[in-house]
Every structure is written in C-alpha cells, then in structure tokens.
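Notes follow the structure.
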Amino acid sequence: MTAPAVRTLEPLTPEGRAPHPGPVTRVWYAAYGSNTHPARLARYLTGGRPPGGRRATPGCRDPRPPHRTAPVLLRGRLYFATESALWTGGRAFYDPDADGELPAHAYLLTLAQFSDIAAQEMYRAPGGDLDPAPVLRTGRATLGPGRYETLVCPGRLDGHPVLTFTAPWRCTDVPPNPPSAAYLRHIAAGIGAAHGWPPHRTAAFLASCPGVRPRWTVPEIVALLG
C-alpha cells in the first residue's frame, strides 16, 4: 500500500504569527495521540465511548465528518505524563519546543467543531466558539493551567490555520507516565491510518517518546498491533 503524501505546513511569519485574511470559519485540527485515529475523532464529533476507553463524550453541536484530512508532521516531541481518566496510564502531550517531529493527522473542521472538541478534551461542556485571534497573533494561547488547555498554531495549510492543543509545561517538567495498552494501540493504529507507516516504524517512533520506555519496548508495541 502506498503511503499518503505528507503535507507540509506553511511556516509562521518571523513575528511568530500565522496570518489569516478575514474571519476564521475553518481550521485544520492537527491531532496527535489517540485522535490521529479517525474512529476516535468520530466519537468527539458524534458522541460515544471509544473502544477500550472508560468515558463517553457528548459530541459536537455539528457532528458532520471532517471536510478533508491530511497527514502532517509537527515539529516537537510526543510524550506521556499525568493520568488519563479515559484510558488509564499516561496521557499523550505535545511539546512544540522540543527537538524532533511527530506524526499528526490534520482534520479540516469548522471553528465550532474544533471548539467543541477542545472543550471535551478539557472536560468542559461543548457549546461556545473559541476566539482564535490570540493564538493566531502569537502562535500560542493558554486557556487554563493544565491538560489540553494550551492552544498551539504551528502554521497554515491551504490558507487555513492549523491548530492543536496541549499542556502548558515542557516534557522535561513533569514525571513521565507510561500509557496503557489500549491507549498505545489506538495511537499506533491512528498513525498507521493517517501516515501508512508499517507497524515496526510506528512502534520504533512510539518507543522513543518520553514515558513509553521501559514499560513498552518496540516488539511489545508491534505485538499490540496484532
């Protein structure tokens, strides 16, 4: 199977901004972690509990599927820390200031859909649109102190801003915590679905992420994929 072509993001301006002409109505959500898997993203759109997860989500006001999708690579590092109430074990976070890159799955959504997904990730009720102006001005905006309450804009794609969310801390600032088997399996399957990576390449990438080893080795991650 031919791997899908990875899209290159338009870089931020020297001032650190991602300019966008006119009102923002659509954004690319650069999903990493379990949301790289289209089935997991669908649960945030339509509501429900993902296979292997412990909590259901209410879904978005607009449950329609993404307008388009594309594999992208983000500069930075994927790491695992804190404790997931949904999956147990460590949560996946993105450190945009670390060296390296990580595979992500970009979904072209309405601003309302992205806002509702972000609210659900922050354990808030969906229902109001985020103001994208602060993150577009500076490339980053903090909405709260923890979990996924920091918005990051790593660039643009096809004229639309690319947005994702993470924690406000660096990967070196918090104790690592290994992910559960179900969570790691979901992430690995999502990377394969988005980027077409073979299991060993996906496993080698995940094993290199802070928090994964020594709990999980490359052969063990490959085995999780069956």
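Restricting R201, R185, R140 to those that are at negative phi and more than 17 Å from the chain's Cα centre (by Cα) reduces the list to R201.
When V222 is tested against (1) outside any helix (DSSP H, G or I); (2) among the β-branched types (V, I, T); (3) surrounded by fewer than 20 Cβ atoms within 10 Å (Cβ to Cβ), exactly one condition is not met: (1). Selection of region 129-146 for residues being touching a His at 6+ places or on another chain (Cβ under 9 Å) and part of a loop (DSSP other than H, G, I, E, B) yields only P132.
Within region 168-188, residues that are among the β-branched types (V, I, T) and surrounded by 18 or more Cβ atoms within 10 Å (Cβ to Cβ) have Cβ atoms under 6 Å from residues that are modelled with pLDDT of 95 or more and part of a loop (DSSP other than H, G, I, E, B) in no pair, counting only partners at least 6 apart in sequence or on another chain.
For region 47-77, taking the residues that are modelled with pLDDT of 95 or more and β-branched (V, I, T), the one that is nearest to P103 (Cα to Cα) is identified as V72.
Whenever a residue of region 59-84 is on the phi > 0 side of the Ramachandran plot and crowded, with 20+ Cβ neighbours inside 10 Å, its partners that are assigned to a loop (DSSP other than H, G, I, E, B) and modelled with pLDDT of 95 or more, lying with C-beta atoms within less than 7 angstrom and at least six residues away or across chains, give the pairs G76/P96; G76/D97; G76/A98; G76/G100.
Restricting region 189-207 to residues that are of a type in the set (G, A, S) and touching a residue at least 40 places away in the same chain (Cβ under 8 Å), the residue that is nearest to Y107 (Cα to Cα) is A194. Filter region 147-165 down to the residues that are closer than 12 Å to T82 by Cβ and either in a strand (DSSP E or B) or charged (D, E, K, R) (or both) and list them by number. Selection gives R147 alone.
Here is a yes/no grid of residues against (1) of a type in the set (A, V, I, L, M); (2) surrounded by 21 or more Cβ atoms within 10 Å (Cβ to Cβ); (3) within 18 Å of G47 (Cα to Cα); (4) in contact with a Cys (Cβ under 8 Å, 6 or more places away or on another chain):
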{"residue": "Y107", "(1), (2), (3), (4)": "no, yes, yes, no"}
{"residue": "A112", "(1), (2), (3), (4)": "yes, no, yes, yes"}
{"residue": "A118", "(1), (2), (3), (4)": "yes, yes, yes, no"}
{"residue": "E121", "(1), (2), (3), (4)": "no, no, yes, no"}
{"residue": "R124", "(1), (2), (3), (4)": "no, no, yes, no"}
{"residue": "V135", "(1), (2), (3), (4)": "yes, yes, no, yes"}
{"residue": "A141", "(1), (2), (3), (4)": "yes, no, no, no"}
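Residue-by-condition table, conditions (1) charged (D, E, K, R); (2) out of contact with any Lys or Arg (no Cβ under 9 Å at 6 or more places or on another chain):
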residue: A42; (1), (2): no, yes
residue: L45; (1), (2): no, no
residue: A56; (1), (2): no, no
residue: C60; (1), (2): no, yes
residue: P63; (1), (2): no, yes
residue: A70; (1), (2): no, no
residue: G76; (1), (2): no, yes
residue: L86; (1), (2): no, no
residue: R91; (1), (2): yes, no
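Filtering T164, T142 for residues that are modelled with pLDDT of 95 or more and either under 29 Å from G59 (Cα atoms) or in contact with a Pro (Cβ under 7 Å, 6 or more places away or on another chain) (or both) leaves a single hit, T164.
The values are calculated or read from the model by the stated rules, or taken from the named source; none is laboratory data. Small disclaimer: the values here were computed from a predicted structure and weren't measured. So basically every Cβ, Gly included, is an ideal-geometry build from the backbone, and we count neighbours across all protein chains shown.
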